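Here is the structure we will look at, set down as structure tokens.
The values are calculated or read from the model by the stated rules, or taken from the named source; none is laboratory data. All of these numbers come straight from a predicted model, not from anything done at the bench. Reconstructed Cβ throughout: ideal geometry from the backbone, glycine too, with neighbour counts over all protein chains shown.
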Amino acid sequence: QVQLVESGGGLVQPGGSLRLSCAASGNTFTIRATTWYRQAPGKSRELVASISDGGTAVYADSVEGRSTISRNNAKNTVFLEMNSLKPEDTAVYYCSVATMQNRYWGQGTQVTVSS
């Protein structure tokens, strides 16, 4: 079992920045990849960024170039830093980890980009 806790969401003005955190606990040694997803009202959940246990990162086209996913292995935490935020980035952001056998989800953190 892996437990996930997201933090760092909130209200941000357009053009601003924020850093989301995803802290994992439990059987963290089983994690193969950590992915941030988001879901905006009335829309389906979409991948934002993902990082493998080897450190390979991939990004959605919508955030490429203005987002960075990183990890602190000592603290079992993955970060998503987003810059130049736009109103269309408004969503609930979820952290998810994949193991060999399961996928686990956090509870989500709300990000609202508005003036």
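Of everything in the range 74-93 that is more than 16 Å from Tyr59 (Cβ to Cβ) and modelled with pLDDT of 95 or more, the residue that is surrounded by the fewest Cβ atoms within 10 Å (Cβ to Cβ) is Pro87. For the range 93-109, does any single residue satisfy the condition of being within 19 Å of Gly16 (Cα to Cα), more than 14 Å from the chain's Cα centre (by Cα) and among the β-branched types (Val, Ile, Thr)? No - not one qualifying residue is present in the range 93-109. Considering the range 29-45, the residues that are closer than 23 Å to Gln1 by Cα, part of a strand (DSSP E or B) and not aromatic (Phe, Trp, Tyr) include one that is farthest from the chain's Cα centre (by Cα), namely Ala33. The residue of the range 9-42 that is surrounded by the most Cβ atoms within 10 Å (Cβ to Cβ), among those that are in contact with a Phe, Trp or Tyr (Cβ under 8 Å, 6 or more places away or on another chain) and not hydrophobic (A, V, I, L, M, F, W, C), is Arg38. When every residue of the range 74-91 is checked against the conditions, at least one turns out to be within 19 Å of Gly15 (Cα to Cα), in contact with a strand residue (DSSP E or B) (Cβ under 8 Å, 6 or more places away or on another chain), outside any helix (DSSP H, G or I) and small (Gly, Ala, Ser). For the range 94-115, a residue qualifies if it is hydroxyl-bearing (Ser, Thr, Tyr) and either in a loop (DSSP other than H, G, I, E, B) or surrounded by 17 or more Cβ atoms within 10 Å (Cβ to Cβ) (or both), and the qualifying residues are Tyr94, Ser96, Thr99, Tyr104, Thr109, Ser114, Ser115. Scanning the range 52-70 for residues being assigned to a strand (DSSP E or B) and either under 19 Å from Ser17 (Cβ atoms) or at pLDDT below 95 (or both) gives a total of 7.
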